[in-house]
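Q: Here it is, the structure, as structure tokens.
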Amino acid sequence: MGDELTPTRDTNHDINGMGFFVLESRRIALYLSHRISELSLKKIGEYFDGISISAVSQNSLRQEKRFTGNPELLRTVMKLKEAILS
């Protein structure tokens, strides 16, 4: 259920092309912003086109559920996290 694609304001591309890449990148950026920054959920949401506090939190929960079924995705995200923090 959490893997459905929903259009965002930042892409006009076909969902099977670059649009998917933009959506996936945005979701991961939102997840990492939530988990490693010291910003409030409200500030993070404002940065991501004014999404709600709940949407920021729900995105992180959905990503974590996806990681359990996709170890390759988890490894990639952890590498990104390490690069950001180093």
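The values are calculated or read from the model by the stated rules, or taken from the named source; none is laboratory data. Since the structure is predicted, the reported quantities are computational estimates derived from the model, not experimental observations. No Cβ is skipped: glycine too gets one built from the backbone with ideal geometry, and neighbour counts run over all protein chains shown.
Q: Run GLU24 past the list (1) over 19 Å from VAL77 (Cα atoms); (2) at pLDDT below 95 and report the number of the one that doesn't hold.
A: That leaves (1) as the condition not met.
Q: Residues that are of a type in the set (D, E, K, R) and in contact (Cβ under 8 Å) with a residue 60 or more places away in the chain: find the helices (runs of 4 or more DSSP H) completely inside segment 18-71 holding 3 or more of those. Give the derivation first.
A: Working: elements: 18-36, 41-47, 53-69.
Qualifying helices (runs of 4 or more DSSP H): 53-69.
Q: Looking at segment 37-80, which of the residues that are of a type in the set (Lys, Arg) and more than 16 Å from GLU24 (Cβ to Cβ) is surrounded by the most Cβ atoms within 10 Å (Cβ to Cβ)? Break it down into steps so the answer makes sense when it comes.
A: In the first step, residues of segment 37-80 are kept if they are of a type in the set (Lys, Arg); the result is 42-43, 62, 65-66, 75, 79.
Add one more test, that the residue is more than 16 Å from GLU24 (Cβ to Cβ), and what stays is 42-43.
Working: LYS42: 12, LYS43: 14.
Result: LYS43.
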